[in-house]
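Colleague: Dumping the structure here so I can ask a few things about it.
The values are calculated or read from the model by the stated rules, or taken from the named source; none is laboratory data. Since the structure is predicted, the reported quantities are computational estimates derived from the model, not experimental observations. Backbone-built Cβ (ideal geometry, glycine too); neighbour counts: all protein chains shown.
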């Protein structure tokens, strides 16, 4: 029995939610017994996502919000007795509920691994660094007691091994390759004003780390150079909405930049399928599931070295440039106006995604990490 433990499965939580849904499904299809435990209810959209992701599997979902306050407080000790897992896979780093689950695993002698979802990369630790440093000083055992820490990239894994003295390896985020052929019709029906208007696409929270306003500034320059596609910004709010709106207004782009809000499931895949190119200019991105989804759909991706997808760049699967205004604008313009290069890049990206981002392959890699963690626990007892 594998137990995945995560604070919540809200769709707007982004990558961690998508990873738990996809990895649990893949593990179940490979024949593992899988239970997912979430402290908070998933909400209507989350419930639909869960039902869709696990409809053809035997994944069990335990929603602790349905068990009452007293049960939630003591669930971390009782859940291990109830589910009897061979291993617990904890997701994220900072929530107090994760500490309690880690402590319960240690007290019961149950091995666990910890997926950071990019939260222990030095770039991410640099934001609110004092608060995070204090947390790791007080509660760092949630990391140090893990049989293995699963990082999103080699930079993060190296930091965990050297600074936190904990075994760490890279586990890539998978994507739903079976949805890569979704027709764009559902998205265009919802936004008919985009029919007949080719567009570049960004998918992600409107959050400081995504720096969407900087993407819009680069887009304005790319249009000056001759790019004709509109820009669609798709994703839930994250605190930077006013800055984004002000940037669009300041640059006079109201007619060609479309902020469409959060869209999930098949409609999101339809939006990706319908775009000419996928663009992302973050301050930092540990992996970027939406980029993986764009690659799977055969869409040319333009991003920067701030996105830690060097493996894909080295293999020619996407166009990665230094995060400088002029260079990013010219990269967007190049892919937007060179159909042959866009098609070549899209095909390379699709090939790379099939090879590296299939959930079944990720599940096998995760199982290898589980076995290493279990052996490490056995040596300690």
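Colleague: In the range 197-207, how many are in contact with a helix residue (DSSP H, G or I) (Cβ under 9 Å, 6 or more places away or on another chain) and over 15 Å from residue 301 (Cβ atoms)? Steps first, please.
Modeller: First pass over the range 197-207, keeping only residues in contact with a helix residue (DSSP H, G or I) (Cβ under 9 Å, 6 or more places away or on another chain): 198-206.
Pick out the ones that are also over 15 Å from residue 301 (Cβ atoms) and you get 198, 205-206.
Summing the residues that are in contact with a helix residue (DSSP H, G or I) (Cβ under 9 Å, 6 or more places away or on another chain) and over 15 Å from residue 301 (Cβ atoms) in the range 197-207 gives 3.
Colleague: Here's another thing I want to ask about it. With the range 71-171 as the region, which strands (runs of 3 or more DSSP E) entirely inside it contain at least 1 residues that are farther than 19 Å from residue 35 by Cα and assigned by TED's automatic domain parsing to the domain that holds residue 7? Walk me through it before giving the result.
Modeller: Details: elements: 87-91, 112-115, 148-151, 168-170.
Counting at least 1 such residues, we get 148-151, 168-170.
Colleague: Would you confirm whether or not the range 174-189 contains a residue that is modelled with pLDDT of 95 or more, buried (at least 23 other Cβ atoms within 10 Å of the Cβ) and under 23 Å from residue 306 (Cβ atoms)?
Modeller: no
Colleague: In the range 283-311, which residues are farther than 21 Å from residue 358 by Cα and modelled with pLDDT of 90 or more? Lay out the reasoning, then the answer.
Modeller: Start the filter on the range 283-311 by keeping residues that are farther than 21 Å from residue 358 by Cα, which leaves 283-284, 302-306.
Residues satisfying the conditions are 302, 303, 304.
Colleague: Next up: Give me a count of the residues in the range 294-333 that are part of a loop (DSSP other than H, G, I, E, B) and in contact with a helix residue (DSSP H, G or I) (Cβ under 9 Å, 6 or more places away or on another chain). Talk me through it step by step, then tell me what you get.
Modeller: Filtering the range 294-333 for residues part of a loop (DSSP other than H, G, I, E, B) gives 297-300, 305-306, 308-309, 315-318, 322-324.
This time we only want the ones that are in contact with a helix residue (DSSP H, G or I) (Cβ under 9 Å, 6 or more places away or on another chain), so: 297-300, 305-306, 308-309, 315-318, 322-323.
Matching residues across the range 294-333 total 14.
Colleague: Taking the stated definitions as given, is residue 41 at pLDDT below 85, surrounded by fewer than 21 Cβ atoms within 10 Å (Cβ to Cβ) and not in a helix (DSSP H, G or I)? If you could, list the steps in order and put the result at the bottom.
Modeller: Values: at pLDDT below 85: yes; surrounded by fewer than 21 Cβ atoms within 10 Å (Cβ to Cβ): yes; not in a helix (DSSP H, G or I): yes.
Taking the combined requirement at face value, the residue satisfies it.
Colleague: Taking only the range 220-237 into account, find how many residues are under 22 Å from residue 13 (Cβ atoms) and surrounded by fewer than 17 Cβ atoms within 10 Å (Cβ to Cβ).
Modeller: Final tally of qualifying residues: 1.
Colleague: Taking only the range 131-158 into account, find how many residues are surrounded by fewer than 18 Cβ atoms within 10 Å (Cβ to Cβ) and over 30 Å from residue 350 (Cα atoms).
Modeller: Residues of the range 131-158 surrounded by fewer than 18 Cβ atoms within 10 Å (Cβ to Cβ): 131-135, 137-141, 144-145, 154-155, 158.
So of that shortlist, the ones also over 30 Å from residue 350 (Cα atoms) come out as 131-135, 137-141, 144-145.
Selection size over the range 131-158: 12.
Colleague: Report, ordered by the first and then the second residue, all pairs with beta carbons closer than 6 Å, sequence separation of six or more or different chains, a first member in the range 57-69 that is not assigned by TED's automatic domain parsing to the domain that holds residue 6, and a second member that is at pLDDT below 90.
Modeller: Qualifying pairs under 6 Å: none.
Colleague: Quick one: how many residues across the range 210-236 are more than 20 Å from residue 327 (Cβ to Cβ) and in contact (Cβ under 8 Å) with a residue 40 or more places away in the chain? Can you show your working first?
Modeller: We begin by selecting, within the range 210-236, every residue more than 20 Å from residue 327 (Cβ to Cβ); these are 228, 230, 232-236.
Subsequent filtering for residues that are in contact (Cβ under 8 Å) with a residue 40 or more places away in the chain retains 228, 232, 236.
Adding up the residues that qualify gives 3.
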